[in-house]
Amino acid sequence: FANKAKVYRDIGIINYNFKQDYEAAIKNFKKSLLLNPNNLKTYFGLIVSYIKSKKVEDALQTLQEAEKIAPYNQELKRIKIYLEKQIKMKR
């Protein structure tokens with residue numbers, strides 16, 4: 001399953017980086033996480049795809065899932081602060 005998860009993550013990265021197709025990236029990152037729910041790189045890809053798609057609440061929810069596997073990750077903490085500010089500004 002790890003190989004399939006990597007393939008979906010790689011397709012997500014291609015959708016994100018080269019096609020700017022964030023919806024397709026989101027679908028592929030989600031498929032990857034279903035097969036391997038412990039890959040932090042995939043969580044980052046999904047979070048950034050949500051941000052690019054203006055789905056801030058989904059990004060924050062995904063970030064909270066990622067924190068379960070990497071509770072002390074500094075990059076996650078920085079993104080969380082950014083997302084919480086974005087959500088406050090929307091209200």
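Okay, here's what the table says:
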quantity: Extreme residue, nearest to Gln74 (Cα to Cα), among residues of segment 28-54 that are among the basic types (Lys, Arg) and touching a residue at least 12 places away in the same chain (Cβ under 8 Å); calculated: Lys41
quantity: Per-region count, segment 41-50, residues open to solvent by 40 Å² or more (accessible area, probe 1.4 Å) and of a type in the set (A, V, I, L, M); calculated: 1
quantity: Test: residue in segment 51-74 that is open to solvent by 20 Å² or more (accessible area, probe 1.4 Å), modelled with pLDDT of 95 or more, part of a helix (DSSP H, G or I) and among the aromatic types (Phe, Trp, Tyr); calculated: no
quantity: Asn28 vs. criteria under 25 Å from Pro71 (Cα atoms) and part of a loop (DSSP other than H, G, I, E, B); calculated: no
quantity: Residues located in segment 1-22, provided they are open to solvent by less than 80 Å² (accessible area, probe 1.4 Å), out of contact with any Asp or Glu (no Cβ under 8 Å at 6 or more places or on another chain) and under 16 Å from Lys55 (Cβ atoms); calculated: Gly12, Tyr16, Asp21, Tyr22
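The values are calculated or read from the model by the stated rules, or taken from the named source; none is laboratory data. All values derive from a computational prediction rather than experimental measurement. Note that we place each Cβ from the backbone using ideal geometry, even for glycine, and neighbour counts take in every protein chain shown. We work out accessible area using only protein heavy atoms, side chains counted, and drop any ligands, DNA or RNA first. Shrake-Rupley method; radii C 1.70, N 1.55, O 1.52, S 1.80 Å.
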